[in-house]
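Just so it is clear, none of the values below were taken in a lab; they were calculated from the coordinates. Here the structure is a predicted model, which means the values were calculated and not measured. Cβ: placed from backbone, ideal geometry, glycine included. Neighbour counts: every protein chain shown.
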Amino acid sequence: MSGAGKRDRYAVAGNPVEHSRSPFIHARFAELTGEALSYGRLSCPLDRFAETVRAFSAGQEAIDTAAAASPLAAPGPARGCNVTVPFKFEAAGLAQRLTPRAALAQAANTLRFDPPETGGWQADNTDGAGLVADITVHAGVALAGASLLLIGAGGAAAGVLGPLIEAGPRRLVLANRSPQRAQALVLRHAALAAQHGVELADSTLDAAGSGFDIVVNASAASLQGAPVPVSGRVLRRGCLALDMMYGPAADAFLVWAREGGAQGRDGLGMLVEQAAESFLFWRGVRPPTAEVLAELRDALAAGRP
């Protein structure tokens, strides 16, 4: 637990970031664990991500700060940040050290501002652990032995592919509009897939296949308001179809999933679980998640900010 004098500062960095629910999540984690911290939003110009994050780490960049535990304590130093679209690849390059899962993904969604004398900044990628936890714990769907389709080959897909492989699906197909990006990502994960006995393949969107047990949309289609980029034949009736987006951005995907006879799920549970992994990485404390996820769903249903 932090001392009572000052609250360490954290933020979510991205563009856009104004509607991020991460400040609510981390404020609740702080309350539930007794950690003294504040957490806000850091809007980064598309051409000034590194500059903006470095300014925040040095205490030179203001953030939209959320309420947190120990509200009477003074603001303290910046200790880290989460990173969202479109900066996850760039974030990995800001750190002097990468965790194994960030190194494999070559993308990061979490930075910890460790001082130079302890090795400098460290980057992690908690997206995959968050997705696996949401699928297996909150959705109650087994990944082991399943056939899984992962749509997209950008930063979101790169962050989750390794942990999905480690969960032991029988077959995993990575489908993307650009075959070269999918092929490169599959090649980088080939040894891990062989180690875990997973049949790993890349595909174009049109040739993704059919009848998957689990379909995960990691593409930018929902964020851009575009149609679901694969045919409904990828859905096995009763399968789990999960979009990493949440709120209105995920609505079209959820309708598509229901019409295809699938169990549609948004990315809210993944958001909470990956946040818990980040919190653990920063603070050494794993916060409870079920209560926070339930509160967040209630807030969204009621239209509360």
Could you let me know the centre-to-centre spacing of region 70-124 and region 6-24, using Cα atoms, in angstrom? 13 Å
Spin-label model distance (nm) - Ala301 vs Arg48, 7 Å beyond Cα toward Cβ: 4.2 nm
A correct Karplus calculation of ³J(HN,Hα) over region 142-151, with 6.51 cos²θ - 1.76 cosθ + 1.60, θ = phi - 60°, whole Hz and x for Gly and Pro, returns 7, 8, 4, x, 8, 9, 10, 10, 10, 9
Label point distance in nm, Arg97-Asp206, each placed 7 Å from Cα along Cα→Cβ: 4.8 nm
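Given only helices, namely DSSP H runs of n ≥ 4 each adding -39500 (n - 2.57), what is the per-residue ellipticity at 222 nm of the chain, to the nearest 500 deg cm²/dmol?
-10000 deg cm²/dmol
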Tell me which trypsin sites (Lys or Arg not before Pro) from region 151-230 have a DSSP coil assignment and no more than 14 other beta carbons within 10 Å of their own. Arg170
Go through (i) 62, 51, 35; (ii) 72, 72, 33; (iii) 57, 42, 33 and flag the label whose value is the computed Cα extents along the principal axes in Å for this structure. (iii)
Residue separation between Glu90 and Glu117 times 0.36 nm, minus their alpha-carbon distance, gives in nm 7.4 nm
Once you put a point 7 Å from the Cα of Val137 and another 7 Å from the Cα of Leu192, both along the Cβ direction, what distance in nm separates them? 2.0 nm
